[in-house]
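Colleague: I'd like to ask some things about the structure below.
The values are calculated or read from the model by the stated rules, or taken from the named source; none is laboratory data. Just so it is clear, the structure is predicted and the values come from calculations on it, not from any experiment. Cβ atoms come from the backbone with ideal geometry, glycine included; neighbour counts cover every protein chain shown. To get the accessible areas, we keep the full protein, side chains included, count just its heavy atoms, and leave off ligands, DNA and RNA. Shrake-Rupley method; radii C 1.70, N 1.55, O 1.52, S 1.80 Å.
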Amino acid sequence: ATIFGTAEKPRLSIFRSNQHTYAQLINDDKGHTLASASTHELRNKGTKADLARSLGALIAEKAKKLGLKSAIFNRGPYKYHGRVMAVAEGAREGGLKL
């Protein structure tokens, strides 16, 4: 099944490289990125999983500023494990409903 986000409930897309993790809130109706965040923006130290959890909280904070309360989680080709799971948990702790 294809995951599709709208303006009211955007798609939270995750990308992870060897060193960093990236998250985007995407409105697929218009093809626009509403908000994005990466572990580059975070100043704190820790493991990659700790940074991913902080990334989830950061993207949830940006979503709140846009007036968004929920999103559709798109893990892409990655298993729901490790950093991907940490981003989702951080977003939930930040108040974003996935």
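Colleague: Based only on the alpha carbon positions, what is the Kirkwood hydrodynamic radius of the chain, in angstrom?
Modeller: Numbers: mean 1/r = 0.0769 Å⁻¹.
Computed over Cα pairs of the chain, the Kirkwood hydrodynamic radius comes out at 13.0 Å.
Colleague: By how many nm would the segment from residue 65 to residue 50 grow when fully extended, if each residue of separation counts as 0.36 nm and the alpha-carbon distance is taken off?
Modeller: Difference between extended and current length: 3.1 nm.
Colleague: Assigning unit charges at the beta carbon (Lys, Arg +1; Asp, Glu -1) and nothing else, what dipole magnitude in debye, to the nearest 20, does the chain show about its Cα centre? Could the numbers behind the result be given before it?
Modeller: Values: 17 positive and 8 negative charges, 32 e Å.
Taking the Cα centre of the chain as origin, the dipole is about 160 debye.
Colleague: Another question, then. Within region 5-98, report the chymotrypsin sites (Phe, Trp or Tyr not before Pro) that DSSP leaves as loop and that have at most 10 other Cβ atoms within 10 Å.
Modeller: Working: sites: 15, 22, 73, 78, 80; in loops: 78, 80.
Passing sites in region 5-98 are 80.
Colleague: Would you mind telling me the share, in percent, of accessible area of the chain contributed by carbon and sulfur at probe 1.4 angstrom?
Modeller: Ligands and nucleic acids excluded, carbon and sulfur reach 50 percent.
Colleague: Further question on the same structure: Send over a whole-number figure in Å² for the accessible area per residue of the chain, probe 1.4 Å.
Modeller: Working: 5860 Å² over 98 residues.
Here the residues of the chain average 60 Å² of exposed surface.
Colleague: What is the distance in Å between the Cα centres of region 10-28 and region 50-83?
Modeller: First find each Cα centre; the distance between them is then 8 Å.
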